[in-house]
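The structure appears right after this line, and notes come after that.
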Amino acid sequence: MAITTERSKFVFRKTERELVRLASDRRPDAVHGFRTTTRRLQVLFEQLVPAKGDNEKKLLKMLNRIRRRAGKIRDVDVQLAALRSFKVPLEPRRKSQLVQRLIELRGRHEDKLRKLLKKRDVREIHKRLKKASAKAAKTEISRDPLEVAKQVLGSVNLSKWPIDNEKLHDLRLAVKRARYSAEFAPKSDRATELVTELKRLQDVLGAWHDWQTLTETATQQLGEVGQSSLVAALSNVTRGKFRHAVEAITGSSVQPDGKISPAMRVVREPVAKAPAPAKQAETAA
């Protein structure tokens, strides 16, 4: 069928709007909006359109470069949000120092992003978007978006036990791409149910990934779990998010590889123990 749906038109329009917004506004919602919209455009070109021309390839290359830099800012934003929501009164001075380091890191990434958003480049992207949009309206989609979503999910092999961080990360990316693909399908009960369930899984997997990233950053800055009670507490939260994510997958109606056994074993690490009081006093900032 021809790409004339409101959904595909909306993605092109929204990409233009989010690009303009990001050029002058690097707040968390602007960064996130640009990343998700350009991801949808990437799925359209790479998964659903049978062939990309030079204009589309160049467009994706320019957008991907900006999105990767915006992604570094987004990683900091979700860590800051998670850390600020963490109300456990452990090592408050160290927690404040970690927040400040993340803020400084965000500033450095923001400076680098600003350099990628020169007026000349933004104008070129707008021209290429309009050209690609006009072409897309006349292009036939040779693949069913729902079938593509199913194939993307099936690309992650979860048949071998146990599920670990790496496999969960691969599934998180696959769920995201599958959802964006399914969103291009014509409206139907099947499409709505699939998108709704994929979004639920994406939220759960995303929450695990956010805390995992924060825990890794805290470990780099403050030391291992035996050296910091804050890192130990964050590690335990992350493990809880991990188990929640796996439970969501095993109980989901959307099954990678066609099915997942409810008895699937999960990597279970021992609960992280905070340092002993004497050690804690030594390591507190």
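The values are calculated or read from the model by the stated rules, or taken from the named source; none is laboratory data. Please read all numbers here as calculations on a predicted model, not as lab measurements. Every residue, glycine as well, gets a Cβ built from its backbone with ideal geometry; the counts of neighbours run over all protein chains shown.
Among the criteria (1) part of a helix (DSSP H, G or I); (2) farther than 25 Å from Asp121 by Cα; (3) at pLDDT below 95, the one Val78 does not fulfil is (3). For segment 97-105, the count of residues that are within 16 Å of Asp25 (Cα to Cα), out of contact with any Asp or Glu (no Cβ under 9 Å at 6 or more places or on another chain) and at pLDDT 95 or above is zero. Would segment 5-13 turn up any residue that is outside the structural domain of Ala182 (by TED's automatic domain parsing), of a type in the set (Gly, Ala, Ser) and at pLDDT below 95? Within segment 5-13, one or more residues are outside the structural domain of Ala182 (by TED's automatic domain parsing), of a type in the set (Gly, Ala, Ser) and at pLDDT below 95.
Criterion applied to Arg84, Arg120, Arg106, Arg94 was being in contact (Cβ under 8 Å) with a residue 60 or more places away in the chain, over 29 Å from Leu48 (Cβ atoms) and not assigned by TED's automatic domain parsing to the domain that holds Leu222, and the one residue passing it is Arg94. Screening Asp210 with (1) crowded, with 16+ Cβ neighbours inside 10 Å; (2) modelled with pLDDT under 95 gives one miss only, at (2). Considering only residues that are part of a helix (DSSP H, G or I) and among the hydroxyl-bearing types (Ser, Thr, Tyr), look in segment 4-54 and name the one that is nearest to Glu110 (Cα to Cα). Among them, the one singled out is Ser24.
Consider Glu216 carefully, then state whether it is over 18 Å from Pro162 (Cβ atoms), at pLDDT below 95 and of a type outside the set (Phe, Trp, Tyr). So Glu216 does not fit the description; no.
If you check Lys57 against the conditions, is it surrounded by fewer than 18 Cβ atoms within 10 Å (Cβ to Cβ) and more than 27 Å from Gly107 (Cα to Cα)? Let's see the steps before the verdict.
Values: surrounded by fewer than 18 Cβ atoms within 10 Å (Cβ to Cβ): yes; more than 27 Å from Gly107 (Cα to Cα): yes.
Taking the combined requirement at face value, the residue satisfies it.
When Val246, Val231, Val204 are checked against the criterion of being touching a Leu at 6+ places or on another chain (Cβ under 6 Å), crowded, with 18+ Cβ neighbours inside 10 Å, β-branched (Val, Ile, Thr) and in a helix (DSSP H, G or I), Val231 stands alone in meeting it.
The residues listed here are Lys176, Lys167; of these, the one that is outside the structural domain of Arg13 (by TED's automatic domain parsing) and in contact (Cβ under 8 Å) with a residue 12 or more places away in the chain is Lys176. If you go through segment 183-193 and keep only what is crowded, with 17+ Cβ neighbours inside 10 Å and either charged (D, E, K, R) or at pLDDT 95 or above (or both), you end up with just Glu183. Exactly one residue among Leu90, Leu98 is aliphatic (A, V, I, L, M), more than 27 Å from Ala23 (Cβ to Cβ) and surrounded by fewer than 19 Cβ atoms within 10 Å (Cβ to Cβ), and that residue is Leu90.
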